[in-house]
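So the structure is just underneath, and the comments pick up after that.
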Amino acid sequence: MLSIMNIKDLTRFLLLSAFPIMLACNRSPQENSAQFAKEQIRTVTVISKTISLEFQSFGTVVYFNKADVFPTTEGNIESIDVEEGMKVKKGRVLAKINQQKLLIRKDQIEAEVHSKQALQYLAQEKLQEGIKAMDARFITIKNAEANLEQKRIEFENISNTYENKKKLFEIGGVTEEELENVKIQHLSAQSKLLQTEGELEIQKIGFRDEDIMKAGYEVPNTEEERKQLLIKINTRMLEAEKKVAEAQLNAVLSELKNIDLLLKETIITSPISGIIGSRYLDIGEKATPDKQLFTIFNIDKIYVQIDVSEKDLVKIKTGQMAVIIHEEDVTKKIEGEVKLISPFINPETRTARVKILVDNNGRDLTPGMFVRVTIITGKPHNHLLVDQDSILTDNQNATYVFLVRNNILFKREVTAEFIYKDKIVITKGLEKGDIICKKPSLFYRDGLEVEVIP
C-alpha cells in the first residue's frame, strides 16, 4: 500500500539522504592522488510493481446508530419487559402504558362515526333526488317546448284565417261581425302564444347556454354532454352538502384511526436492534411524550470516524475500502467502507469528518476505541520503483539518477512522486529494466567511466 508524501518532504528527504554520500566522497589528498583509478560503483535495476495508493490515519469507533425511545402518548407505565444491558431485536416489546383513557375516548369517537355516517347517507340521498328532479325538469322543458310549438301553429292558422277574412270583408264576402269574431280568436291565440313562451323561458332558467357560460364552462357539442353538464351545475349545492358530510365523516374516522394508533403505541417497541443502554422510568411512573424511556445502541455495525486534512480530502471517496487495525491487536485487520464524507471543513482545524462503515457482528470493536485506519485511495497500478539511495537532488530541487550503460554514467532527470515502503515511485525519466547507480556521489558527472562491482 502507498503512503503519500508531500513532494517538498520528499525533496528534503533526498537532500538529507545525499548528505552522508557527500561526506563520504570528500576525499583526502592521498585519495585524490589516485584519480587515475576508475570509480567503483554498485548498480540496481529499475523494477515495476503493482501497488495501490493509500491514506493512513487514526480514528475513533462510534455508534452506527442510537435510538432514544420516547412514548407518543401519556399514561402510567403498566409493565417493563427489558433491563439495561439486554440485547433486543427491532420490534421487541420494551414496555406497556395503561390504555383505559384511550379506550373511553375510542368509544366516544365511534359514536360520532355512526352519526356522521348517517348525515353522509342523507346528503347522498338528497343529491340523488336532486338528480332525479333535474331529469324531471328536462321532461317539463321538452313538454313546454312542444306546447309552445302547438300554440305557434294555432296562432299561425288563426292569423291566416284572419287575413283571409279581412280580404273577404273588403269585397263584402263576410260580415263585420264575422270578421270581429275571427279578430278576437286571433288576439286570444296570440296571447296564449306569448304566455306559453314566457312559461318556457321560466322553465329554462338555469338550463340555458348563457347559464352554462356563466358557470365557467363551454357549451358542449352534443345534447347528452349538455344534459350532464346542466345536471352538474344545478346540483352543485347538493354536491357541496355531500362533500361537507363526507369531510366530517373522514375527520372523525381520522380521529378514530389516530386513537387506534395511540393504543398501538401504548405498547413500546424497540425501533432498532441493539443493546439497552439506559432505562429512565419504572413501573407506575407517568410516561409523557417529553420523558425518555430508554436509550438503545446498535453495535452490529459501527462507524470509524477520522478527521482528514483539507489537502488529503480530495483523495477520499465514498465506496473506498478501508482496513481497521486495533491498537491492542495489530495482527487483526477488519475491513470497512468509506460511507460518509462531511461537506463541511472545520475552519479552525481545516479538516473534514469521514465515517467508515464496519460490520461488527463479531463485536471486535467497541465505541470509544482508538484504531488505525488505512483507506485504499486508488486502484492497483503498475509503478516503477527504485531504491531511495539511488536518487540525488541538485540545488534547483531537481531529482536525478545516473544510468549505467557500458560502464559509463549518464545523468537522467526523473520525477519522483512518493515513497512506497523503502522505495521511491518514479513516474517520469526511467523505464523498467534500466540499470542505475546505487548510492551515487554528488561529484559524479555525466559520461564518467566507472567499474561496476558486485
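Here are a few things to note about the model shown:
- When the convex hull of its Cα atoms is projected in every direction, mean area for the stretch 349-410 (nm²): 10.0
- On Cα atoms only, tilt of 223-234 relative to the major axis of the chain in degrees: 90
- Stretch in the chain that is longest and holds no GluC sites (Glu not before Pro) that DSSP places in a loop and that have at most 13 other beta carbons within 10 Å: 85-217
- Each residue in Ile267, Ile283, Ile306 was given a count of other beta-carbon atoms within 10 angstrom of its own, and listing them fewest first yields Ile283, Ile267, Ile306.
- Acute angle (nearest 10 degrees) that the helix 100-170 long axis makes with the longest principal axis of the chain, alpha-carbon atoms: 50
- Rounded to the nearest 10 degrees, the angle from helix 176-204 to the longest Cα principal axis of the chain is 20 degrees.
- Checking every one of the trypsin sites (Lys or Arg not before Pro) in the stretch 263-325 against DSSP loop status and a limit of 14 other Cβ atoms within 10 Å picks out Lys291, Lys317.
- Scattering curve values for the stretch 133-206, log₁₀ I(q)/I(0), Debye with Cα scatterers, q = 0.14, 0.15, 0.17 Å⁻¹: -0.54, -0.58, -0.66
- One quarter of the surface of the convex hull around the alpha-carbon atoms of the chain equals 51.3 nm², the direction-averaged projected area.
- Angstrom value of the Kirkwood radius, inverse mean 1/r, which spans all Cα pairs in the stretch 35-153: 26.5
- The stretch 175-204-the stretch 110-154 distance, computed between alpha-carbon centres (Å): 33
- The stretch 103-247: Cα Rg divided by the 2.2 N^0.38 Å rule of thumb: 1.84
- Counting all C-alpha pairs of the stretch 166-208, share separated by more than 15 Å (%): 59
- Cβ-placed point charges (K, R +1; D, E -1), dipole of the stretch 103-247 about Cα centre in debye, nearest 20: 520
- Applying the Karplus relation 6.51 cos²θ - 1.76 cosθ + 1.60 with θ = phi - 60° to the stretch 375-388 yields 3J(HN,Hα) values of 9, 7, 9, x, 6, x, 8, 6, 10, 7, 10, 9, 5, 4 Hz, where x marks Gly and Pro.
- Distance violations [Cα-Cα > 32 Å] among Lys332/Lys438; Lys192/Lys242; Lys355/Lys428; Lys116/Lys264; Lys166/Lys204: Lys332/Lys438; Lys192/Lys242; Lys355/Lys428; Lys166/Lys204
- The residue among Gln305, Thr196, Leu384 whose Cα reaches farthest toward the positive pole of the charge dipole of the chain, with charges on the beta-carbon of Lys, Arg, Asp and Glu, is Leu384.
- A helix-only calculation puts the chain at -13500 deg cm²/dmol for mean residue ellipticity at 222 nm, using -39500 (n - 2.57) for each DSSP H run of at least four residues, averaged over all residues.
- Cα-based equivalent ellipsoid of the stretch 191-331: semi-axis lengths in Å, sorted from largest, via gyration tensor: 73, 30, 11
Values quoted throughout were computed directly from the atomic coordinates according to the rules given, and no laboratory measurement underlies them. Just so it is clear, the structure is predicted and the values come from calculations on it, not from any experiment. FYI the Cβ positions are ideal-geometry reconstructions off the backbone, even for glycines, and counts take in every protein chain you see.
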